[in-house]
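Chemist: Let me begin by handing over the structure; questions about it come next.
The values are calculated or read from the model by the stated rules, or taken from the named source; none is laboratory data. A quick note: this is a predicted structure, and the numbers were derived from the prediction, not measured. Methodologically, a virtual Cβ is constructed for each residue, glycine included, from the backbone with ideal geometry; neighbour enumeration extends over all protein chains shown. The area values use the complete protein model at the heavy-atom level, side chains included, leaving out ligands, DNA and RNA. Shrake-Rupley method; radii C 1.70, N 1.55, O 1.52, S 1.80 Å.
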Amino acid sequence: MVWGATDAQDKVVVDNLEKIAKELGLSMAQVSLAWMLSKPYITAPIVGSTSPKHIEEAVAALDIRLDPETIKALEAPYVPHIKTGAF
């Protein structure tokens, strides 16, 4: 199973995101989008939505500026994924 191979690594990243979002009083989606918007090399986010609330959160993320320490904390647990099988 290609995608399941990184579940443990991914859980650490998601749990960290959840902790930071709670500390900031924001949703995980807002913090994720704000992080993405801090990266000039990401030019085309793909945002999914199943409710108007999701769109409202995404739009609100445009006004969120994460400080460098928060960005560093968000990125700290990330481990690059290594391809382990054929797609």
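Chemist: Which condition does Thr6 not pass, out of (1) of a type in the set (Ser, Thr, Tyr); (2) under 20 Å from Arg65 (Cα atoms); (3) in a helix (DSSP H, G or I), if it passes all the others?
Modeler: Going through (1) of a type in the set (Ser, Thr, Tyr); (2) under 20 Å from Arg65 (Cα atoms); (3) in a helix (DSSP H, G or I) one by one, Thr6 breaks only (2).
Chemist: Quick one: would you say Ala29 is aliphatic (A, V, I, L, M) and open to solvent by less than 40 Å² (accessible area, probe 1.4 Å)? Walk me through it before giving the result.
Modeler: Working: aliphatic (A, V, I, L, M): yes; open to solvent by less than 40 Å² (accessible area, probe 1.4 Å): no.
Answer is no for this residue.
Chemist: Picking from Ala76, Ala34, Ala21, Ala44, which residue would you name as being touching a helix residue (DSSP H, G or I) at 6+ places or on another chain (Cβ under 9 Å) and open to solvent by 70 Å² or more (accessible area, probe 1.4 Å)?
Modeler: Of Ala76, Ala34, Ala21, Ala44, the one residue that is touching a helix residue (DSSP H, G or I) at 6+ places or on another chain (Cβ under 9 Å) and open to solvent by 70 Å² or more (accessible area, probe 1.4 Å) is Ala76.
Chemist: Of all residues in the range 1-18, count the ones that are open to solvent by less than 70 Å² (accessible area, probe 1.4 Å) and closer than 16 Å to Ala61 by Cα.
Modeler: Of the residues in the range 1-18, 1 are open to solvent by less than 70 Å² (accessible area, probe 1.4 Å) and closer than 16 Å to Ala61 by Cα.
Chemist: I've got another one for you. If I go through the range 48-73 residue by residue, how many of them are assigned to a loop (DSSP other than H, G, I, E, B), open to solvent by 40 Å² or more (accessible area, probe 1.4 Å) and under 19 Å from Val13 (Cα atoms)?
Modeler: 1
Chemist: Sort out which residues of the range 74-87 are modelled with pLDDT of 90 or more and part of a loop (DSSP other than H, G, I, E, B), and write them in order of number.
Modeler: If the condition is that a residue be modelled with pLDDT of 90 or more and part of a loop (DSSP other than H, G, I, E, B), then Ala76, Pro77, Tyr78 are the ones that fit.
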